[in-house]
Each structure stands twice: as C-alpha cells, then as structure tokens.
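A short write-up of the structure that comes next.
The values are calculated or read from the model by the stated rules, or taken from the named source; none is laboratory data. Because the structure is a prediction, the values reported are computed rather than measured. All Cβ positions, glycine included, derive from the backbone under ideal geometry; neighbour counts span all protein chains shown. Remember, those area values only see protein heavy atoms, side chains included, never the ligands or the DNA or RNA. Shrake-Rupley method; radii C 1.70, N 1.55, O 1.52, S 1.80 Å.
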Amino acid sequence: MQSQPQGLLRLSVPMAFGRLHLSPLVPQFLREHPGIQLDMVMDDRMVDLVEGGYDLAIRIGNLPDNRMVARRLAPCRVVMCASPDYLAAHGAPRHPAELASHNCIHYSDYRGGASWVFGGPDGPHKVQPRGNYQVNNSEARRDALLAGLGICEMPTFIVGPDLLAGRLQAVLQDYPLPLHAIYAVFPERRQVAAKVRAFVDFIEQRLGRDAPDWDQGLRIWSSGTG
C-alpha cells in the first residue's frame, strides 16, 4: 500500500447526495491530500465500476453486486411527506391505503421497484403510487413537494431541513418505510489503494456514521436495518 495517498481518484456518486453532502467536503479533502486528483461524476445511474474505470462509488440502498466491497457510511432514512398547503387542501393520509386518493410524486429510476412498501402494526402494505408527475431526480421531487403539488417518500438527507423548518410535514409515521444505508463501494482487490481508503475514512468521519447531521432534531424513524 502506498504510504501517501496520491494519483487520480475516479468517483461515482448519486446526483442529489453528491451535490448536497459530498461536494461541500471536497475542498477540505483535497487540502488534506494534495497528492490526489479527484474526478467526481454525479449520476443516478448504476455504473459498472470496473468497466467505467472507477475506483469508488457511493451507493444508496441494496447492493446486489457481490463483486464489490461495501463499507457502510451512514443510515438513509426515508419519510412520507407533503407541504402544509397540500395537506390543508387534501387532508393527511392516516393509512397507506388512503394514498390512492392522493397525487403521489414518484422517483422514476428507483431500482427497488415502483411500489412503496410500508411497515406498521397491521403488517406490511404495498402501495402503487399514482399521480401526474414522476422524475428521476429527488431534488426536483422536493421542488414539487414545496410547491404543494403532491405527496411522496423522500430521504431525510434531502428534506431534513424542510421538516425542521415546517416547510414539509411528515405523515404516516405509524407506517414506516424501510431503512436503507449509504455505502462506499469499490472493486474487490487484494489491497485497497491508499487514495480510496483516505477518501472513505474522510467521508465516514464527516457524515457522522449512525447520527448524520441531516437527521439531527428529527423524530423520524424507518423500519428494518440499513
């Protein structure tokens, strides 16, 4: 293993998470590691790290590729929410089945499938979201929520500040959505390059692992484990 991290580090990250939580950390990382040149590609598509020549990826959710080594960085909690104006006009659902009468905004590239799956006291509930808007970017979904267009599930790493400020309100908290996790993923090799280890250690420390900044002050929980 190299004694000092150096060289080109190619990184694939999800668009919204990369812009909100990784991009602000890049300057400090590069100041601490002047021998590294960082090429960070923001894209919500699932890229092949080996074919694409990537050293590392940040991924959220399930990790089906067993050729990769994964290191858990932080939880990813998801909450069903809407704006106060939307809820005043349409009412707050009290059971997942009531979402059938709501305008559901859906993330079109979700790899887990099109359905929303809720836990709860009376067993799991699967809901097929229906509405007049779907988009493959979660910050665009947040814009639609803030404008009062509809209701949807969102990760707290995007809407945490909106929930704290009251711009959005959580609903259906008795029927939690699954808890996911944020991972650093890299190809399986006999030795992990110093530049990869340096970036993963840096990000893990800054994110707070089990208590990330974006969840501070929120009384939101998700079922399952990440």
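How much FRET efficiency would the formula 1/(1 + (r/R0)^6) give for LEU8 and TYR133, where r is the Cβ-Cβ distance and R0 is 25 Å, rounded to 0.05?
Efficiency for this residue pair is about 0.05.
Report, in deg cm²/dmol and to the nearest 500, the calculated mean residue ellipticity at 222 nm for the chain, where each DSSP H run with n ≥ 4 adds -39500 (n - 2.57) and the sum is divided by the residue count.
Values: 6 runs with 51 residues, N = 226.
When only DSSP H runs of four or more count, the value is -6000 deg cm²/dmol.
What does the extension gain come out to for GLU98 and ARG67, with contour length at 0.36 nm per residue minus their alpha carbon separation? All intermediate terms of the calculation are to be shown ahead of the outcome.
On the way: separation 31, 0.36 × 31 = 11.16 nm, distance 4.12 nm.
So the extension gain works out to 7.0 nm.
Solvent-accessible area per residue for the range 115-226 at a 1.4 Å probe radius, Å²?
On the way: 5550 Å² over 112 residues.
With the other protein chains kept in place, the range 115-226 gives 50 Å² per residue.
In whole Å, what is the distance between the alpha-carbon centres of the range 12-68 and the range 87-101?
If you average the Cα positions of each part, the centres end up 37 Å apart.
So if I place +1 on the C-beta of Lys and Arg and -1 on the C-beta of Asp and Glu, and nothing else carries charge, what would the dipole magnitude of the chain be about its Cα centre? I want it in debye, nearest 20.
340 debye
From the protein chains alone at 1.4 Å, what is the descending order of accessible area for ASP55, ASP213, ASP48, largest first? Write out the running numbers ahead of the final one.
On the way: ASP55 25, ASP213 120, ASP48 50 Å².
The ranking, largest first, comes out as ASP213, ASP48, ASP55.
Can you give the accessible area of ASP122, probe radius 1.4 Å, in Å² rounded to 10?
Around 90 Å² of this residue is reachable by solvent.
Where the eigenvalues come from the Cα gyration tensor of the range 1-64, what are the semi-axes √(5λ) of the equivalent ellipsoid, largest first, in whole Å?
21, 16, 9
Give the label of the value calculated from the structure for Cα Rg over 2.2 N^0.38 Å, choosing from (1) 1.09; (2) 1.28; (3) 0.99.
For Cα Rg over 2.2 N^0.38 Å, the calculated option is (1).
What length, rounded to one decimal in nm, is gained on full extension from ASP201 through to LEU30, with 0.36 nm per residue of separation minus their alpha-carbon distance?
The ASP201-LEU30 span can extend by a further 60.2 nm.
Tally Lys/Arg at +1 and Asp/Glu at -1 over every other residue whose Cβ is under 14 Å from the Cβ of ILE36; what's the total?
Summing Lys/Arg as +1 and Asp/Glu as -1 gives 0.
For ARG10, what accessible surface area do you get with a 1.4 Å probe? Give it in Å², rounded to 10.
60 Å²
Within the accessible area of the chain, what % is carbon and sulfur when the probe is 1.4 Å and the other protein chains stay in place? The partial results should precede the final answer.
Working: 5420 of 11340 Å².
The computed percentage sits at 48.
With N set to the number of residues, divide the alpha-carbon radius of gyration of the range 89-136 by 2.2 N^0.38 Å and report two decimals.
My calculation over the Cα atoms of the range 89-136 gives 1.20.
In angstroms, what radius of gyration and Dmax does the range 32-150 have, counting Cα atoms only?
18.3, 56
Mind ranking GLU32, GLU98, GLU153, GLU188 by accessible surface for me, highest first, 1.4 Å probe?
Ranking GLU32, GLU98, GLU153, GLU188 by accessible area, largest first, yields GLU188, GLU32, GLU98, GLU153.
With every protein chain present, what is the per residue accessible area of the range 1-43 (1.4 Å probe, Å²)? The partial results should precede the final answer.
Details: 2270 Å² over 43 residues.
That works out to 53 Å² per residue.
DSSP loop trypsin sites (Lys or Arg not before Pro) in the range 163-208 with at most 10 other Cβ atoms within 10 Å of their Cβ, which ones?
ARG189, ARG190
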